[in-house]
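The values are calculated or read from the model by the stated rules, or taken from the named source; none is laboratory data. Keep in mind that this is a model prediction, so the values were computed, not measured. Every residue, glycine as well, gets a Cβ built from its backbone with ideal geometry; the counts of neighbours run over all protein chains shown. Accessible surface is based on the protein model in full, side chains and every heavy atom, while ligands, DNA and RNA are left aside. Shrake-Rupley method; radii C 1.70, N 1.55, O 1.52, S 1.80 Å.
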Amino acid sequence: MRKKRRISIDTQTVKMEIEPKFTFVPLSEKKYVGIDDKNIQEYLCKWGLKGNFVIQNFSFNEPFQHYHKYQLVDAFFKDDSVAKVILSKQGDAWVRQGIQASSVEIKQVPCTVLNMTFFNKLKDPSNGITYSSGTISKRYDTQVEDFLISDNLRGMLLDEDSEEYNLYAEDERKEFVFRIFQMLVLGGTLCQFEDTLQPYLDVTKSIYKDLVRVQKNNTSNDLFISTLVLEVIAKDSKGQEYFPCNTSNRQNIAFLLIHANSREITTFVHQYGGYCFT
């Protein structure tokens, strides 16, 4: 009699994760304590920024993990309810163009800075950016891209040949708070520059606090920023950039800020221009 061969198979529990199917709901316009402050708005107007950036808020339906960021962003820009309300610049006006993206480029932006001591190097007179009075050190005018550099602060931001440029390492320059600061200092086409550093720091702090969320680690009690920040470029069916437009200008930037705990997305898009809406 032929013996039956017994085959033993070790069973393993294989967890198959179903990819989330994200859907989105536009939220009503949010009031921001810092950004909507009268003094902050006056500075934004003075620097040619008021009316040139837009913030919108959305909720989404599924739990979010960081490794879902590509799926979330792709679904967001291809969602019909998002396309109907999201604002992008057309000429001089912000309009709802109703575009569903054909492709989206994303890049994670470091967001780890918890306080404004990050900018203390700018206050140290030995670094050549400011004097002990807080006044920004002037320099001979030079042109970098479309920007006039007339002081060492802008030299630190744009002039790679200047000594001041190396004050912040590349990793530091990628930080979200640094990106906000740079946007403010470079301003719009009708920017009236400040002679002192502090207004730039104050407005940077206000915008940063409004946009990112801080939590406490349950184990160590240390604070950390829970917001995931992504820089995005969305393109239409013709391959043209629309969120933001014309990224060859470094001031044309767009970010998605993902708040996983509350399942919310904040969009922040800035388009370089010269209009101030009072």
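Out of curiosity, is residue 126 assigned to a helix (DSSP H, G or I), over 17 Å from the mean Cα position of the chain (by Cα) and either under 30 Å from residue 237 (Cβ atoms) or not assigned by the TED database to the domain that holds residue 246 (or both)? For residue 126, the condition - assigned to a helix (DSSP H, G or I), over 17 Å from the mean Cα position of the chain (by Cα) and either under 30 Å from residue 237 (Cβ atoms) or not assigned by the TED database to the domain that holds residue 246 (or both) - is met. Applying the set (1) open to solvent by 20 Å² or more (accessible area, probe 1.4 Å); (2) among the small types (Gly, Ala, Ser); (3) closer than 20 Å to residue 247 by Cβ; (4) at pLDDT 95 or above to residue 91 leaves exactly one unmet item: (4). Per the listing 148, 122, the residue uniquely surrounded by 11 or more Cβ atoms within 10 Å (Cβ to Cβ), without any contact (Cβ under 8 Å) to a residue 60 or more places away in the chain and aliphatic (A, V, I, L, M) is 148. Of the residues contained in the stretch 59-81, one or more are found to be at pLDDT below 95, buried (at least 18 other Cβ atoms within 10 Å of the Cβ), outside any helix (DSSP H, G or I) and among the aromatic types (Phe, Trp, Tyr). All of 234, 169, 254 fail the test of being within 24 Å of residue 30 (Cα to Cα) and without any contact (Cβ under 8 Å) to a residue 24 or more places away in the chain, apart from 254. Checked against (1) open to solvent by 30 Å² or more (accessible area, probe 1.4 Å); (2) under 30 Å from residue 172 (Cβ atoms); (3) in contact (Cβ under 8 Å) with a residue 40 or more places away in the chain, residue 39 passes all but a single condition, namely (3).
So that you can scan it fast, the table gives a plain yes or no per residue for (1) part of a strand (DSSP E or B); (2) under 15 Å from the mean Cα position of the chain (by Cα); (3) under 24 Å from residue 123 (Cα atoms):
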{"residue": "161", "(1), (2), (3)": "no, no, yes"}
{"residue": "201", "(1), (2), (3)": "no, no, yes"}
{"residue": "207", "(1), (2), (3)": "no, yes, yes"}
{"residue": "215", "(1), (2), (3)": "yes, no, no"}
{"residue": "221", "(1), (2), (3)": "no, no, no"}
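Using the structure shown, decide if residue 163 is of a type in the set (Asp, Glu) and open to solvent by 60 Å² or more (accessible area, probe 1.4 Å). Here the answer is yes, as residue 163 does meet what is asked. Taking the listed residues 231, 194, the one that is within 29 Å of residue 39 (Cα to Cα) and assigned to a strand (DSSP E or B) is 231, with no other qualifying. Of the candidates 182, 215, the single residue that is open to solvent by 30 Å² or more (accessible area, probe 1.4 Å) and polar (S, T, N, Q) is 215. Screening residue 262 with (1) touching a Lys or Arg at 6+ places or on another chain (Cβ under 7 Å); (2) not in a helix (DSSP H, G or I) gives one miss only, at (1).
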